[in-house]
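The values are calculated or read from the model by the stated rules, or taken from the named source; none is laboratory data. Computed from a prediction, not measured in an experiment: that's the story for all the values here. Glycine gets a Cβ as well: all are built from the backbone with ideal geometry, and neighbour counts include every protein chain shown.
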């Protein structure tokens, strides 16, 4: 080995390190764009696991869920946040059958929901604080990070006044959500794989998968004002 | 291996390394990192570098619940407009103020929504500018570089089209629901209200100036101007604001029961 060899190795290593660093920096951002207007596929008013099963409810939560389903079946649904024009919470707002516009900036992804004209702000490149560090509210706090071309959104800091779906899947303040969003079908479909973590309500974390289809670019969000005309009165 | 060969090999490797980076880029792994300063929260930054980039969080500087002209006089109200305002001032003094859009938790209307003591966030996207208001989760959409349609559907926030005149964003709005008020005291408007906002960055991008021209022959004898200013606030975020929860001023029979 020549005396220059270590220098060569060092040189090459530096370049590889530079590449690796650039590659790592790439994790902070992605060229993937979810920008556009999306509409939920199918009826997701009764959320099921990605295996099409009832989520793994703990016994007490199961009783509350069964009561809600029974009441709705009998034509006398229990009051929920929507009947008082309060927010859907999550993931229920993502399951609403109304268009969603996504605006994408370097450090923020914004969902504009036609339902209740509700914005959902996702801060990119941030870590989700523990629930205890957040003020519990309806929509929680969302932090997003890129994993290649998939946007991983973690949300926590919820109150326990909402249900996960229209049918009435309950949750506690311990709820955190992990969503993996990616484009499929040549960019015409947005997939959201949602993992529900709530050890107080469910025996284990569970996953649901929902998809959205891209709407014509000519569509613009209409003004839905629940307190004027409540579609869920 | 002599020094010359070593250098040649080194140069080849040095040439290969960016190629490797490019290969990684092609595989979708490499993305250029942003070179923007990083304020505490703001998704973008404000400067005069790009005067047409209004993105970020802003907060009103000169909030006043009453709309007045820039010389602090009452707007040029028609006799009808003045009578309606006086009626509302009296009702408030008497302890039973009229209910307005905000007491019903409806969107606040334009230009009222631009005058609230809560953060607003401006977001640019192709063909659109969106303003997300903390107050009552108003979402205002401005359709860029489109003509104002001959007829627009009535909605609380109206229909807004925008275009740039130099570095001034000009927003025209029509179709604002007459159930909204111009200000919080009781200046009203009809379905003929037409507003033209002229928004531009001033003071090195630290201030956003909004000069609103209000035209409504039912309530005003002539077009008049109201000015508002917003401070660049990268330290703020738009939080959840739920008017519908614990609404202490919920109206009963059209009258706000002040508590």
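Of note:
- Looking across region B:142-168, the residues that are away from chain A (no Cβ under 13 Å) and closer than 26 Å to residue A:225 by Cβ come down to B:148, B:150, B:151, B:162.
- Pick from region A:73-86, criterion part of a loop (DSSP other than H, G, I, E, B) and within 14 Å of another protein chain (Cβ to nearest Cβ), ranking: surrounded by the fewest Cβ atoms within 10 Å (Cβ to Cβ): A:79
- Checked against (1) modelled with pLDDT under 95; (2) more than 9 Å from chain B (Cβ to nearest Cβ); (3) in contact with a helix residue (DSSP H, G or I) (Cβ under 9 Å, 6 or more places away or on another chain), residue A:89 meets all criteria but (1).
- Residue A:196 meets each of the listed conditions (1) in contact with a strand residue (DSSP E or B) (Cβ under 7 Å, 6 or more places away or on another chain); (2) within 18 Å of residue A:89 (Cα to Cα); (3) in a loop (DSSP other than H, G, I, E, B); (4) touching a residue at least 60 places away in the same chain (Cβ under 8 Å) apart from (3).
- Qualifying positions in region A:106-117 - at the interface with chain B (Cβ under 8 Å from one of its Cβ atoms) and either within 15 Å of the chain's Cα centre (by Cα) or in a strand (DSSP E or B) (or both): A:108, A:110, A:112
- Scope region B:100-111; condition in contact with a strand residue (DSSP E or B) (Cβ under 9 Å, 6 or more places away or on another chain) and more than 8 Å from chain A (Cβ to nearest Cβ); matching residues: B:100, B:103, B:108, B:109, B:110, B:111
- Test: residue in region A:184-192 that is more than 14 Å from chain B (Cβ to nearest Cβ), crowded, with 16+ Cβ neighbours inside 10 Å, under 25 Å from residue B:242 (Cα atoms) and in contact (Cβ under 8 Å) with a residue 40 or more places away in the chain: no
- Taking region B:122-211 and the strands (runs of 3 or more DSSP E) fully enclosed by it, no element has 1 or more residues that are on the phi < 0 side of the Ramachandran plot, at pLDDT below 95 and within 12 Å of the chain's Cα centre (by Cα).
- Test for residue B:239: is it touching a residue at least 40 places away in the same chain (Cβ under 8 Å) and buried (at least 22 other Cβ atoms within 10 Å of the Cβ): no
- Scan of region B:169-179 for residues that are buried (at least 24 other Cβ atoms within 10 Å of the Cβ) and within 14 Å of another protein chain (Cβ to nearest Cβ), ordered by number: B:173, B:176
- Qualifying residue in region A:118-128 (condition: closer than 23 Å to residue A:205 by Cβ, touching a helix residue (DSSP H, G or I) at 6+ places or on another chain (Cβ under 9 Å) and more than 9 Å from chain B (Cβ to nearest Cβ)): yes
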